[in-house]
Amino acid sequence: MSRVHTLRTNLETIGRVIRAVSRRVLAHQETRVFSKSILGAESASSEDCGLVIVGPGDAQGRETAEAAMVAAREPAGLVAQRLRRGDSFFRWQRERELVAFGWATSHQRRIAGTTLRPGPGRIFLYNFHTLPRFRGQGLYPSLLATMQHQLHADGATEFIIDVNSRNVSSLHGIRKAGFTLAARVTCLVFFRRWRVNLTRELIDDSVRHLL
């Protein structure tokens, strides 16, 4: 191996290391916010699954939710904290096996250094996960539809969901469920923890007082 080739290889390696370290120190993040309004009753889609809702007083359901969250590599302890706040955990079951889950809240939601504001009839949907072996079956959009149907019966009329712009599969599922783009938010992320807002763009003016 020539010295020139060795030098080039070493420089390429150093470059890859520098880029990897840079991504850990500082990263640009774009979050897309989608909305959907419901003015009348909608039919829920079952997809051979049953919906189970976990509330604050459901001890057994709380344990199942905690196990599902940890298996999805979420921090332990989030379930109890969210339930105390009044958020709801929705799980999609097929023959008693949890295949997907998601959360809903009427409280403000913090994304990419920006606060999404609550409003009358407004529900934020967030933190969805489908078990790997059940992906590609349309479970995500059908869970979204079923959650909306259930929450609409309880008075919700507007649903907001956010997703990282790089998450192509989630973007596809959200659009398939009938959501439309409402806003874009960008920020800088330092050390994968601290966020500084860069831009906020409201695309759909009908979503009032969101940003």
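Shown here are the Rg and Dmax of the Cα trace of segment 142-211, at 14.4, 42 Å.
How much accessible area per residue does segment 103-152 have, in Å², with a 1.4 Å probe? Please list the in-between numbers first.
On the way: 2030 Å² over 50 residues.
Value for segment 103-152: 41 Å² per residue.
Working with all protein chains in place, sort Glu201, Glu158 by solvent-accessible area computed with a 1.4 Å probe, largest first. Display every interim value, and only then the final one.
On the way: Glu201 90, Glu158 25 Å².
Ranking Glu201, Glu158 by accessible area, largest first, yields Glu201, Glu158.
Positive contributions from Lys and Arg (+1) and negative ones from Asp and Glu (-1), summed over other residues with Cβ under 15 Å from the Cβ of Ala80, come out at -1. Taking all protein chains together, Val33, Val52 sort by accessible area into Val52, Val33, largest first [probe 1.4 Å]. Accessible area ranking (1.4 Å probe, heavy atoms, ligands and nucleic acids excluded), largest first, for Glu95, Glu30: Glu95, Glu30.
For segment 72-211, the square roots a ≥ b ≥ c of the C-alpha gyration tensor eigenvalues yield an a/c under 1.5, which makes the shape rounded. When segment 53-211 is described by a simple charge dipole with +1 on each Lys and Arg Cβ and -1 on each Asp and Glu Cβ, the residue from Leu83, Val163, Thr130 located farthest towards its positive end is Val163.
Can you figure out the FRET efficiency of Thr199 with Arg85, using R₀ = 25 Å and their beta-carbon distance, to the nearest 0.05?
Working: r = 29 Å, r/R0 = 1.14.
That pair, Thr199 with Arg85, gives E of 0.30.
Across segment 130-145, rounded Karplus estimates of 3J(HN,Hα) from the backbone phi angles (6.51 cos²θ - 1.76 cosθ + 1.60, θ = phi - 60°) give 10, 4, x, 6, 9, 6, x, 10, x, 6, 5, x, 6, 5, 4, 5 Hz, Gly and Pro being marked x.
The values are calculated or read from the model by the stated rules, or taken from the named source; none is laboratory data. Bear in mind the structure is a predicted one, so any value in this text is a computation, not a measurement. Every residue, glycine among them, receives a Cβ derived from its backbone with ideal geometry; neighbour counts consider all protein chains shown. SASA here: full protein model, heavy atoms, side chains in, ligands and nucleic acids out. Shrake-Rupley method; radii C 1.70, N 1.55, O 1.52, S 1.80 Å.
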